[in-house]
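Notes follow once the structure below has been shown.
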Amino acid sequence: TCALPILQKEWHYIGLWSLLINACLLMPSLYMLQIYDRVLISHNALTLLMSTLLLVAVLLGVCVAEMARSRLLIKTGIRLDNRLSPELLQASFRAQSLGPQAQPAQALNDLMQVRQFLTGQGVLAFFDAPWVVIYIGVLFFLHPLLGQLAIACSAVLLLLAWFGHKLSSAPTRLALQVSQQVQADQQAKLRNAEVIQAMGMLSAVQSLWESHHLRQMLAQQALENIALRLQAFSKFLRYTQQSLSLAVGAWLVIRGDISPGAMIVANTLMSRALQPLDLLVSSWRPLLAARDALDRMQALLQSQPPPTLAGTPPEAAPSLVLNNVSVGVPGARKHVLQDVSFQLAPGQLLCIMGPSGSGKSSLARTLLGIWPQAQGDVLLGGRPVSTWAPEWRASRLGYLAQDLELLPGTLAQNIARLGEVDSQKVVAAAHQVGIHEMILRFPQGYNTHAAEAGILLSAGQKQRLGLARAVY
């Protein structure tokens, strides 16, 4: 929602195109009224020809306006994506330290869902909805009874939309939650495919997957049943409305209150008046999904704001200072580390040892400024480490994770941290960790793709590649 105000100009233009389109779509009704009430009675071919040419010109204008509006919708979606995707990507990486419950990977999928809704037909119902009042006003001009019938049908459709919202809101959220859980569980198991097969766990994994998949299918089935029932009832209302408008119009013709042409025009106008409301009912489910996605995006951006960056970094090598740092794991009651303090000057070496679970990895993440549950001060060059620009901070800090995975790209790009490759520094880093000769044994050397090399590398060799990236 923070990016939607900058798109107000586009929404205004889309509204103007919608105004032109709906105004022009009154022309077919006037054309039919002209044909039935004048041309068929007077047998005037010239009036028929001129009216038809005028109608074709207006409809051609509607075609051009529809294309312009669709193109503008697509550009609006692209601009929204360009505005939000960088912030969402960075916020997703910052939120990853909160653990899997944060589901930061969902953010870009949410943005795509919002963009697809804003560039689809569903959003046009909101731009066409104000014209319902104008169409109903024309029906009142033809006869008050026709206008009253249109108001009654509109009220029923709005009631159906509200009922659909109440009925499908909770199932929609449940289906999305179950789908995300099943997808995350499946990806976690696929990452451990080697262990699963080696330990004979495939049958147990399949059994668990089937139970989770069944739960997902049941949630989707419940949601689909609601959507299909609403769609069927909406179709029933649409057909009933068309028949009722013809019946009321015919009755008014029999009474002599309106002409036969007005009866046909009233039927067309009533269908046109209720079309945005009918589209709103059919688009209610995507609307709910887009609204929930927008809420999740806003919550992520608010919970993970960009850090406030410090000023000009020092030219000399900075010192690292910890003052009374306490670190807690998300969800845990007790701190893993309590009141840790030390100072490291440039050139000093500190080795920290301890048993599993004593907080060594948590301390390493805290030193990098990526651990959210830290209290106290972690200073690099006299300022909090997280306030320095990431590029400058990365040039002073190297990090080797316990669970290392090679990133997409060549081995040289992996060592160079996916940035511009400095060949001399890449080779120097590889020499320093003792993998230069090993890399040269590959057919393409440093230009070997990481996916190809990953099959041939042992876990220790991958760790050395990660260590080369850390010292680069």
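The values are calculated or read from the model by the stated rules, or taken from the named source; none is laboratory data. Everything numeric in this text was worked out from a predicted model, so none of it was measured. All Cβ positions, even for glycine, are placed from backbone atoms using ideal geometry, and neighbour counts span all protein chains on display. These area figures cover heavy atoms from the full protein model, side chains too; ligands, DNA and RNA do not enter into them. Shrake-Rupley method; radii C 1.70, N 1.55, O 1.52, S 1.80 Å.
Values as computed for the structure displayed
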| read-out | value |
| --- | --- |
| Dimensionless Rg over Rh [region 322-427; C-alpha; Kirkwood] | 1.00 |
| Value of [θ]222 nm, deg cm²/dmol, for the chain, DSSP H segments ≥ 4, -39500 (n - 2.57) each, nearest 500 | -22500 deg cm²/dmol |
| Which of Tyr31, Val265, Val421, positive extreme of dipole for the chain (C-beta unit charges) | Val265 |
| Lysines whose Cα lies under 17 Å from that of Lys75, excluding same-chain neighbours fewer than 8 positions away | Lys9 |
| Quotient of Cα Rg and 2.2 N^0.38 Å for region 208-311, N being how many residues it contains | 1.89 |
| Student exercise, the chain dipole from Lys, Arg, Asp, Glu Cβ charges, in Debye to nearest 20 | 300 debye |
| Asp377 - accessible surface, heavy atoms, 1.4 Å probe, Å² rounded to 10 | 80 Å² |
| Cα-projected label distance for Ala45 with Phe141, points at 7 Å along beta-carbon direction, nm | 3.2 nm |
| By average C-beta atoms within 10 angstrom, highest first, the peptides 264-271, 82-89, 41-48, 286-293 | 264-271, 286-293, 82-89, 41-48 |
| Ranked packing of 57-64, 408-415, 27-34, most packed first, by mean Cβ within 10 Å | 408-415, 27-34, 57-64 |
| With every protein chain in place, the chain: carbon and sulfur % of accessible area (1.4 Å) | 62 percent |
| Ratio of Rg to Rh over the chain (Cα coordinates, Kirkwood Rh, two decimals) | 1.14 |
| Kyte-Doolittle at least -1.0, axis length at least 20 Å by Cα - qualifying DSSP helices, the chain | 8-24, 45-95, 144-191, 202-255, 260-282, 284-303 |
| The chain - accessible surface per residue (Å², probe 1.4 Å) | 58 Å² |
| Length added when fully stretched, Leu19-Lys425, from 0.36 nm per residue minus Cα-Cα | 140.0 nm |
| For region 11-74, alpha-carbon Rg over 2.2 N^0.38 Å | 1.39 |
| Computed label-point distance, nm, for sites Val471 and His213 using a 7 Å Cα→Cβ extension | 4.7 nm |
| For Val133, solvent-accessible area (1.4 Å; no DNA, RNA or ligand), Å² | 110 Å² |
| Within-14-Å neighbourhood charge of Gly466 [Cβ basis; K, R +1; D, E -1] | +2 |
| DSSP-assigned coil residues among GluC sites (Glu not before Pro) in region 412-464, each with at most 12 further Cβ atoms within 10 Å | Glu420 |
| Radius, Kirkwood style, for region 105-152 when every pair of distinct Cα atoms is counted (Å) | 13.1 Å |
| The chain, relative contact order in percent, only Cα pairs under 8 angstrom and at least six apart counted | 15 percent |
| Reachable lysines from Lys462, criterion Cα separation under 30 angstrom, eight or more residues apart if same chain | Lys189, Lys360, Lys425 |
| Set of aspartates and glutamates with alpha-carbon distance to Lys235 below 12 Å, sequence-local pairs under 8 removed | Asp278 |
